[in-house]
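The values are calculated or read from the model by the stated rules, or taken from the named source; none is laboratory data. No experiment lies behind these values; they were computed from the predicted model shown. Here the Cβ is made from the backbone with ideal geometry for all residues, glycine too, and neighbour counts use every protein chain on show. Surface areas here come from the heavy atoms of the whole protein model, side chains and all, with no ligands, DNA or RNA. Shrake-Rupley method; radii C 1.70, N 1.55, O 1.52, S 1.80 Å.
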Amino acid sequence: MESGCNGVHLLVDFRKFKKLTAEIINASRAIKLDKEYLRRLDPSFESSYQYLFHAGFRALRLYRISHALYVSGFKFLAYLIYHINRILYTVDIHPAALLEPGVVIDHGAGLVIGSTAVVGSGTVLYHGVTLGAKYITKGKRHPTVGRNVIIGAGAKVLGPVYIGDNAKIGANSVVISDVPKDATAVGIPARIVFKNNTENANPHLSHSAIHKDGEGSDGLCFRNENNLEEVLM
């Protein structure tokens, strides 16, 4: 009887390690894309050595490892790395959260992402952003953020709301309802001020349009003071 139980345990452990191997491979691929998107979307990025000192990227890398451990059943180790991440970089990303490859965490300090949150690729999260819950409840209670979203510093997105692709959330805004794709939301509580970022787009606000030499970014906040979108970030 004991040998039968031991065989079952060995089989379970083998499956967990097999799952972990696959998840570590996925995490490695995700980290590679994270690096590519960081270089593309962070205008201050100048050289590959900056990966060593970029707190947001390093915190994201630790999250990738903790998430791989968590979904593979090694939850103690996942929470250990999660705790180390909080101490080293003041970044709190629950290992159960789902961040697609190619997310950019700029600065990182004070970032909080809850366990049922989802963040799409190409999204930029600035310091102090919270993807949290409105109520203490089980099940889905954190936001789902689409792809290529910009969430400004200090913004709070609360509850199981959906932030559409290419949306922008202004700094220090508090979002408690859905934001459609291509929209810009600001304020407390946040309200929609632009419904189509493509039509209202200012080329100087596009991360991909910012040149490393600074061309196209001079006088950003002074070129048009009446344009609210100029000062969102």
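At a glance:
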{"read-out": "Residue in segment 75-89 that is open to solvent by 40 Å² or more (accessible area, probe 1.4 Å), closer than 21 Å to Val129 by Cβ, at pLDDT below 95 and not small (Gly, Ala, Ser) present", "value": "no"}
{"read-out": "Residue check, Val71 within 21 Å of Ser28 (Cβ to Cβ) and open to solvent by 20 Å² or more (accessible area, probe 1.4 Å)", "value": "yes"}
{"read-out": "First in segment 11-35 and within 30 Å of Gly122 (Cα to Cα), second anywhere and open to solvent by 70 Å² or more (accessible area, probe 1.4 Å), Cβ under 6 Å, 6 or more apart", "value": "Ile31/Arg61"}
{"read-out": "Candidates Glu36, Glu2, Glu23, filtered to the one that is at pLDDT below 95, crowded, with 18+ Cβ neighbours inside 10 Å and farther than 23 Å from Leu131 by Cα", "value": "Glu23"}
{"read-out": "Gly139, sole failed condition from (1) at pLDDT below 95; (2) under 23 Å from Ala55 (Cα atoms)", "value": "(2)"}
{"read-out": "Segment 150-170: number of residues that are open to solvent by 20 Å² or more (accessible area, probe 1.4 Å) and part of a loop (DSSP other than H, G, I, E, B)", "value": "4"}
{"read-out": "Unmet requirement for Ile136, which otherwise passes all of (1) under 27 Å from Arg58 (Cβ atoms); (2) among the hydrophobic types (A, V, I, L, M, F, W, C); (3) part of a loop (DSSP other than H, G, I, E, B)", "value": "(1)"}
{"read-out": "Residues (of a type in the set (A, V, I, L, M, F, W, C), in a helix (DSSP H, G or I) and within 15 Å of Arg64 (Cα to Cα)) located in segment 77-123", "value": "Leu77, Ala78, Leu80, Ile81, Ile84"}
{"read-out": "Any chance Ala109 is in contact (Cβ under 8 Å) with a residue 40 or more places away in the chain, surrounded by fewer than 24 Cβ atoms within 10 Å (Cβ to Cβ) and closer than 17 Å to Asp92 by Cβ", "value": "yes"}
